[in-house]
1. Filtering region 33-57 down to residues that are under 13 Å from K11 (Cα atoms) and among the aliphatic types (A, V, I, L, M), which residue is modelled with the lowest pLDDT?
2. Which of the residues belonging to region 26-52 are of a type in the set (K, R) and either assigned to a loop (DSSP other than H, G, I, E, B) or without any contact (Cβ under 8 Å) to a residue 24 or more places away in the chain (or both)?
3. When you look at T23, is it in contact with a Lys or Arg (Cβ under 8 Å, 6 or more places away or on another chain), of a type outside the set (A, V, I, L, M, F, W, C) and not in a strand (DSSP E or B), yes or no?
4. Mind listing whichever residues of region 33-46 are exposed (fewer than 10 other Cβ atoms within 10 Å of the Cβ) and farther than 21 Å from S95 by Cβ?
5. Filter region 53-96 down to the residues that are assigned to a strand (DSSP E or B), out of contact with any helix residue (DSSP H, G or I) (no Cβ under 9 Å at 6 or more places or on another chain) and in contact (Cβ under 8 Å) with a residue 60 or more places away in the chain and list them by number.
6. Are there any pairs, at least 6 apart or on different chains, whose C-beta atoms fall under 8 Å, with the first in region 1-23 and free of Cβ contacts under 8 Å to residues at least 40 places away in the same chain and the second surrounded by 12 or more Cβ atoms within 10 Å (Cβ to Cβ) and polar (S, T, N, Q), and if so, which?
Amino acid sequence: MRVKILQNSVKFYLPRLEGYSETVRTIADEYGNMSLIEFDGYFEGKLEPVKYTRVEVHTDEIDEQKTISFADQVRIKLKQTSLAFEFNNHLILVSQ
């Protein structure tokens, strides 16, 4: 039996807006396998009008600063004031 334990996990919380599909494809190209979970967003005391997707990847090869820069590029592309992601169970919020 072979067992492989991947040391890092990243979870991006993406609004399903224009540009979302291209972002998911970029993540798939970078990391390969991922899981997608759709949910309703509740931020700043109200339900968001758009659905969100949590894109989760597990990998051994990842650079935290590169991931933060990527999240900021995604935030700009999706025209958001902020974008949240988790890196090894630490929530990181990238804002303007």
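1. Per the stated criteria, the residue is M34.
2. If the condition is that a residue be of a type in the set (K, R) and either assigned to a loop (DSSP other than H, G, I, E, B) or without any contact (Cβ under 8 Å) to a residue 24 or more places away in the chain (or both), then K46 is the only one that fits.
3. Yes.
4. Passing the criteria: only E38.
5. Scanning region 53-96 gives a single hit, E86.
6. R16/T53
The values are calculated or read from the model by the stated rules, or taken from the named source; none is laboratory data. No experiment lies behind these values; they were computed from the predicted model shown. For neighbour counting, all protein chains shown are included, and Cβ atoms are generated from backbone atoms with ideal geometry for every residue, glycine included.
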